[in-house]
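Asker: What follows is a structure written as structure tokens; I'll ask about it next.
The values are calculated or read from the model by the stated rules, or taken from the named source; none is laboratory data. Here the structure is a predicted model, which is why all the values come from computation and not from measurement. Every residue, glycine among them, receives a Cβ derived from its backbone with ideal geometry; neighbour counts consider all protein chains shown.
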Amino acid sequence: MTGEQIVFLVVALFTLGSGFMVVTTRNLVHAALWLVSTLFGVAVAYTLLDAAFLAVVQVVVYIGAIAILFIFAVMLTRKDLLDQGPQMNKNWWFGALLAVSTFGGLYFLLQGWDGLSKTATAIPVGFDAVTELGTELVSPAAYVLPFEVASVLLVAALVGAVYVAFNKK
Amino acid sequence: MSFWNDPLKVAADWLLGIFTGWGMPEIAANILIGFLGVLLLISVLMVLDIFLVWVERKVVARFQDRLGPNRVGPFGLIQPFADIIKLIIKEDTTPGGADKVVYNIAPMLSMMSVLILWAVVPLAPKMLGVDLNIGALYIIASGAIGTLSIIMAGWSSNNKFALIGAFRQVAVMVSFEVPMLTMLLIPTIFAGSMGMGAITEAQDIWYVFLAPLGAVIFLIAAIAELGRAPFDMAEGESELVSGYNIEYSGMKFGMFYAGELLHAFTFGGFWSILFFGGYRFFGLEQVNPVLAIAVIVFKAMLGYWIIMWVKYTLLRIRIDHMLAFNWKFLTPLGFTLLMMTALMNALLAGTPTWLYISGMFLSNVVIAWVALEIARSVSRREREKVEGPKQVVEAIHH
Amino acid sequence: MVPLSWYLIFAAALFSMGLFGVLSRRNAVAILLGIELMLNAVNINLAAFWRYGNVMDMAGQVFAIIVFAVAAAEVSVGLALVISVYRRRNTVVADEIDMMKW
């Protein structure tokens, strides 16, 4: 059990535990805060995968914006401050069955693939993922078109969200 | 190498020798030495924080034409220790109905978001916690954690005013991250890297001469991020009885307060790293790392002094004016400046240095002038809508 | 030395938890929380395949960044809709939002 494996197991257990608390806790603000810790665990997983830029962008975008948006939405949509009762709907057993069978299916699907026990090759020396990523995001031969389309999508979402949530007096 | 030339490496090697002499495997010894380094940095920062309390109180006193603390110790230097002791022995209340776990974690997260910033501050050549090549984004990320801690504090206090204060503070912080991010990209363009160490190494000419408007906008956005006046709507005592930290007493409040001062000092440091050369001072930093640390602490203190100067001179701005200022003025200005900087950097790439510096400087001045003219005409139009157009005859009448 | 399978199983478990959240929760905001978990699981998958495949080919990271942007857009519009529904019907329980118009 090398050090890297121990670190990964700790991070994975932390993230999965937080994820479990997100979907089972009764208090919604607590669920949003458990989501924050799940997202932070995922950011640490990105760091373990040498995707440093993804890790920082995860913290900035998900924790710094999306999680805060969730907390605001939870606070703005509460009728009163009391406990809302059990938060599972009446078909929760079916949801649980489906989730377990999805996980089981994915697990068995993965067993049949022989590339599974690959270990990571070392990153070539002097390869800066951030520089390479930046170059590819703006070069016409690479990914500038999805990049521009994503920015158009964000503008559309911005205008749409403001319009939908606007409180017309 | 002697101790004075490279103190950290000498100490680390000596400790490694001791630990492996005790039979520890080398990896564990290295991790332990890393932890000890972090502990050393945090201890120095907390002592500096206590000193900052004294600086803050003396400076605010002088701005307000009085003396400040001068009874406890020479020049009042022991005053912050008295403050901390008072805060520690104060009763640690938790409001009834508060969410205990979230209430207790919030001040810790707030302090943590400030302390983790110091991992990327370059104190001397080759002496920084982690040489992240995405240091600029890391600053924004720790701001995100600070924002989260404020919401947690405001919500868990079970208090309407704390919640309103927290919402306002978070709205301001999230809004002003946009111009701050665009201004962080300007030194990135000049240096070719987002890492703080690389930006400092590339500053043969301080970037404040290449992008003065960028430095000003970064300062404004940083003051708003810190939640200090004139942007401290969330803490206005006349409006909100101190905002998200109403219900906090004792050392938890002390953590918020000391964290805010240390945050201000840290952003003074980042302002000086990004625009004023960091630890560089005409080659002085090559002589000795201790001199480099002294240079950067001095520059950070200057930045902190400017932030304090702004705080104790200007009046508080209303929340809707603050947000309108950000979205209608600072953000378009920031983006325009970023585009102009990138364009001029590409156009003037091969030209001699004096042409490059004057070209960039003039482009900044032109953008600032045009922006101010637009702002003036818009505000004149707003004023005329309210007051009616100015009568020339009336002015001659007197 | 972490084999690729561990990352993929981790992502599969996170995805299944998100699926459980979407299918079993009453509150509309909690359903969106489950969707966020699923998107994060997908991102971990993409990043793991980038790392364990050809590191020079940035397609994995670019895909993950586009997923970040799409998730942010979807969450903002989704929460705006939930808040708007709450203002009209005064409820966010998904079972009670069952009339088109009366």
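Asker: Which condition breaks for B:GLU387 when tested against (1) loosely packed, with under 12 Cβ neighbours inside 10 Å; (2) outside the structural domain of B:LEU185 (by TED's automatic domain parsing); (3) at pLDDT 85 or above?
Answerer: The failed condition is (3).
Asker: Here are some conditions: (1) more than 24 Å from C:MET1 (Cα to Cα); (2) surrounded by 23 or more Cβ atoms within 10 Å (Cβ to Cβ); (3) more than 11 Å from chain B (Cβ to nearest Cβ). A:THR24 meets all but one. Which one does it not meet?
Answerer: (2)
Asker: Further question on the same structure: Would you confirm whether or not the stretch C:2-19 contains a residue that is of a type outside the set (A, V, I, L, M, F, W, C) and either on the phi > 0 side of the Ramachandran plot or more than 7 Å from chain A (Cβ to nearest Cβ) (or both)?
Answerer: So the first thing to find is which residues in the stretch C:2-19 are of a type outside the set (A, V, I, L, M, F, W, C), and the list is C:3, C:5, C:7, C:16, C:18.
Narrowing the set further to residues that are either on the phi > 0 side of the Ramachandran plot or more than 7 Å from chain A (Cβ to nearest Cβ) (or both) leaves C:7, C:18.
Yes, some residue in the stretch C:2-19 is of a type outside the set (A, V, I, L, M, F, W, C) and either on the phi > 0 side of the Ramachandran plot or more than 7 Å from chain A (Cβ to nearest Cβ) (or both).
Asker: All but one of (1) over 21 Å from the mean Cα position of the chain (by Cα); (2) surrounded by 13 or more Cβ atoms within 10 Å (Cβ to Cβ); (3) at pLDDT below 90 hold for B:ALA395, so report the exception by its number.
Answerer: Only one criterion is unmet by B:ALA395, namely (2).
Asker: State the number of residues belonging to the stretch B:122-140 that are closer than 19 Å to B:GLU225 by Cβ and either outside any loop (DSSP other than H, G, I, E, B) or in contact with a Pro (Cβ under 6 Å, 6 or more places away or on another chain) (or both).
Answerer: First pass over the stretch B:122-140, keeping only residues closer than 19 Å to B:GLU225 by Cβ: B:134-140.
Narrowing further to those that are either outside any loop (DSSP other than H, G, I, E, B) or in contact with a Pro (Cβ under 6 Å, 6 or more places away or on another chain) (or both): B:135-140.
Within the stretch B:122-140, residues that are closer than 19 Å to B:GLU225 by Cβ and either outside any loop (DSSP other than H, G, I, E, B) or in contact with a Pro (Cβ under 6 Å, 6 or more places away or on another chain) (or both) number 6.
Asker: If you don't mind, there's one more thing I want to ask. So C:VAL85 clears everything in (1) over 18 Å from the mean Cα position of the chain (by Cα); (2) in contact (Cβ under 8 Å) with a residue 24 or more places away in the chain; (3) more than 8 Å from chain A (Cβ to nearest Cβ); (4) within 20 Å of C:ILE9 (Cβ to Cβ) except one condition, right? Which one?
Answerer: If we test C:VAL85 against (1) over 18 Å from the mean Cα position of the chain (by Cα); (2) in contact (Cβ under 8 Å) with a residue 24 or more places away in the chain; (3) more than 8 Å from chain A (Cβ to nearest Cβ); (4) within 20 Å of C:ILE9 (Cβ to Cβ), just (4) comes out false.
Asker: May I ask you to list the residues in the stretch C:22-39 that are facing another protein chain (nearest Cβ under 7 Å), under 17 Å from A:LEU69 (Cβ atoms) and assigned to a helix (DSSP H, G or I)? Before the answer, list the steps.
Answerer: First, the residues of the stretch C:22-39 that are facing another protein chain (nearest Cβ under 7 Å): C:23-27, C:29-30, C:33-34, C:36-37.
Remaining after also requiring under 17 Å from A:LEU69 (Cβ atoms): C:27, C:29-30, C:33-34, C:36-37.
Passing the criteria: C:VAL29, C:ALA30, C:LEU33, C:GLY34, C:GLU36, C:LEU37.
Asker: Tell me, please, whether a residue that is over 21 Å from the mean Cα position of the chain (by Cα), among the hydroxyl-bearing types (Ser, Thr, Tyr), in a helix (DSSP H, G or I) and over 30 Å from A:THR131 (Cβ atoms) can be found in the stretch B:142-153.
Answerer: Looking through the stretch B:142-153, none of the residues is over 21 Å from the mean Cα position of the chain (by Cα), among the hydroxyl-bearing types (Ser, Thr, Tyr), in a helix (DSSP H, G or I) and over 30 Å from A:THR131 (Cβ atoms).
Asker: Does B:LEU109 satisfy the criteria of being within 11 Å of chain A (Cβ to nearest Cβ), hydrophobic (A, V, I, L, M, F, W, C), under 30 Å from B:LEU184 (Cβ atoms) and part of a loop (DSSP other than H, G, I, E, B)? So that I can check it myself, show each step before the final result.
Answerer: On the way: within 11 Å of chain A (Cβ to nearest Cβ): yes; hydrophobic (A, V, I, L, M, F, W, C): yes; under 30 Å from B:LEU184 (Cβ atoms): yes; part of a loop (DSSP other than H, G, I, E, B): no.
For B:LEU109, the condition - within 11 Å of chain A (Cβ to nearest Cβ), hydrophobic (A, V, I, L, M, F, W, C), under 30 Å from B:LEU184 (Cβ atoms) and part of a loop (DSSP other than H, G, I, E, B) - is not met.
Asker: Would you pick out the residues in the stretch C:49-102 that are in a loop (DSSP other than H, G, I, E, B) and among the polar types (S, T, N, Q)? Give the steps one after another, and end with the answer.
Answerer: Initially, the stretch C:49-102 is screened for residues in a loop (DSSP other than H, G, I, E, B), giving C:53-58, C:90-92, C:97-102.
Correct list: C:ASN54, C:ASN90, C:THR91.
Rundown of residues vs (1) touching a residue at least 60 places away in the same chain (Cβ under 8 Å); (2) in contact with a Cys (Cβ under 6 Å, 6 or more places away or on another chain); (3) surrounded by fewer than 16 Cβ atoms within 10 Å (Cβ to Cβ), yes/no style:
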| residue | (1), (2), (3) |
| --- | --- |
| B:GLY268 | no, no, no |
| B:ILE273 | yes, no, no |
| B:LEU284 | no, no, yes |
| B:VAL290 | yes, no, yes |
| B:ALA294 | no, no, no |
| B:PHE298 | no, no, yes |
| B:LEU314 | yes, no, yes |
| B:ALA324 | no, no, yes |
| B:TRP327 | yes, no, yes |
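Asker: Out of B:ARG62, B:ARG66, B:ARG71, report the one residue that is away from chain A (no Cβ under 14 Å), in a helix (DSSP H, G or I) and among the charged types (D, E, K, R). Before the answer, list the steps.
Answerer: Numbers: B:ARG66 fails: in a helix (DSSP H, G or I); B:ARG71 fails: in a helix (DSSP H, G or I).
The match here is B:ARG62.
Asker: Now for a separate question. Specify which of the listed residues (B:LEU262, B:LEU163, B:LEU185) is at negative phi, under 15 Å from the mean Cα position of the chain (by Cα) and in a helix (DSSP H, G or I). Explain how you work it out, then say what you get.
Answerer: Numbers: B:LEU163 fails: under 15 Å from the mean Cα position of the chain (by Cα); B:LEU185 fails: under 15 Å from the mean Cα position of the chain (by Cα).
The unique qualifying residue is B:LEU262.
Asker: Are any residues in the stretch A:42-61 more than 9 Å from chain B (Cβ to nearest Cβ), crowded, with 24+ Cβ neighbours inside 10 Å and assigned to a helix (DSSP H, G or I), and if so, which ones?
Answerer: Of everything in the stretch A:42-61, those that are more than 9 Å from chain B (Cβ to nearest Cβ), crowded, with 24+ Cβ neighbours inside 10 Å and assigned to a helix (DSSP H, G or I) turn out to be A:VAL42, A:ALA45, A:TYR46, A:LEU54.
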